[in-house]
Amino acid sequence: MQGSFTTDYTEVLRKIATIDPVAYGKSRNYINGAVTRLSPYISRGVISTRQVLENVLQRGYKLPQIESFVKELCWRDYFQQQPVRHLQMPSEVINATSGIQGIDAAIQELNQTGYMHNHCRMYTAALVCNVGQAHWLQPARWMYYHLLDGDWASNACSWQWVAGANSSKKYYANQENINRYTGTAQTGTFLDTTYENLAVMPLPEALMQTENLQLQTQLPPPSPISVDASLPTFIYNYHNLDPLWHQNQPGNRILLLEPDFFAQYPIGSHCINFMLALAQNIPG
C-alpha cells in the first residue's frame, strides 16, 4: 500500500472492474463523488486508458451514456501558451495558506498523500494563474512533483487549459463554486465575488509573495544488477511498470531510473516510494 493507493496489481484490476462510469459522470465534480482514483496507475503505465475503456464497454455500457467518463480518458494532449505577470509560484499556495479553505485542504492532502481531486487541481490552477497571475510552467512543475499520477503532458496541458493559453477564455471558480463542491461554507474571501469581478480584480494580497521553486529528485541508491547475456533485457521506467509486459518471455528485467530525466522532471519522495512499490509486482 502507498497511503490509500494499493500497489497490488490484482487489486488494481479489481478497481477497474468496479468502476461505475454513469455515477462518475453525475458526481465527478464533488470531492466525495464516484471518481475512479486510477490515474496513478495509468500514469505509471501499470494500466492504460484503453484497457479501462474496453473493460467498461465489455460490461455493456454504451458511449452516449458514459460520455463524461470517456472525455476524461481522452483529455491528455492539450497545450498552448499564456501571457502572465510573473514566472514564479505564490508562496501561500505552496504553504497551503491561501485562505481559501477548500483549496488549502486539497494542497495539504497533496503534500501528505500525493493525490488531489481533479476539480481541486482546476481550482488551484485557476487561483495561481488567473487570480494570482502566474505563468503556468513553474506551478505545473510543483504539482507534478507531488502527484502520484504525475503525467507531465496531461498535467502541463491541463494547467494551460485552465490558464486559457492562446485563448480568450480562462477558467475561474468563485467562492460559491468552491464551497459547493468541496463542502466548505466560507464567505468574505477574495474569491467571494462574481465571475465578472474575478476576471478584472487586482492581484490579491494573499498571492503577492512569490518564490522560485527548488525541486529536486532524491533517487534511491542503485542496486547491483546481474545480467544473463543469453536472454533479452526488458527496461522498465517511471511510465512503464506493467507487470504483464512480456510476462511469459524469460529475460532480464531492469527498472531504469535515469538521473537526467528526473533532473528535468523532478518528483517527490511519495512518487519515488510509490514507483518502487509498484515495481515489486514485476517478477525478477
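The values are calculated or read from the model by the stated rules, or taken from the named source; none is laboratory data. Please read these numbers as outputs of a predicted model, since none were measured by experiment. So basically every Cβ, Gly included, is an ideal-geometry build from the backbone, and we count neighbours across all protein chains shown. Just the protein is used for accessible areas: all its heavy atoms, side chains included, with ligands, DNA and RNA removed. Shrake-Rupley method; radii C 1.70, N 1.55, O 1.52, S 1.80 Å.
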Practice item. Take Ser48 and decide whether it is surrounded by fewer than 15 Cβ atoms within 10 Å (Cβ to Cβ) and under 16 Å from the mean Cα position of the chain (by Cα). Key: yes
Review point. Of the residues that sit in segment 141-158 and are at pLDDT 95 or above and of a type in the set (Phe, Trp, Tyr), which one is surrounded by the most Cβ atoms within 10 Å (Cβ to Cβ)?
Key: Tyr144
Practice item. Search segment 206-234 for residues that are open to solvent by 60 Å² or more (accessible area, probe 1.4 Å) and pair each with any residue that is among the small types (Gly, Ala, Ser) and modelled with pLDDT of 95 or more when their beta-carbon atoms are under 6 Å apart and the residues are at least 6 apart or on different chains. Key: Gln209/Ser91; Glu211/Ser91; Leu231/Gly251
Study note, to complete from the structure: For Gln138, the lone unmet condition from (1) within 19 Å of the chain's Cα centre (by Cα); (2) of a type in the set (S, T, N, Q); (3) at pLDDT below 95; (4) open to solvent by 30 Å² or more (accessible area, probe 1.4 Å) is (3)
Review point. Which residue pairs have Cβ atoms under 8 Å apart, sit 6 or more places apart or on different chains, and have a first residue in segment 172-186 that is among the charged types (D, E, K, R) and a second that is open to solvent by 40 Å² or more (accessible area, probe 1.4 Å)?
Key: Glu176/Asp192
Review point. Do we have any residue at all in segment 182-204 that's within 18 Å of Asn29 (Cβ to Cβ), out of contact with any strand residue (DSSP E or B) (no Cβ under 9 Å at 6 or more places or on another chain), open to solvent by 30 Å² or more (accessible area, probe 1.4 Å) and part of a helix (DSSP H, G or I)?
Key: yes
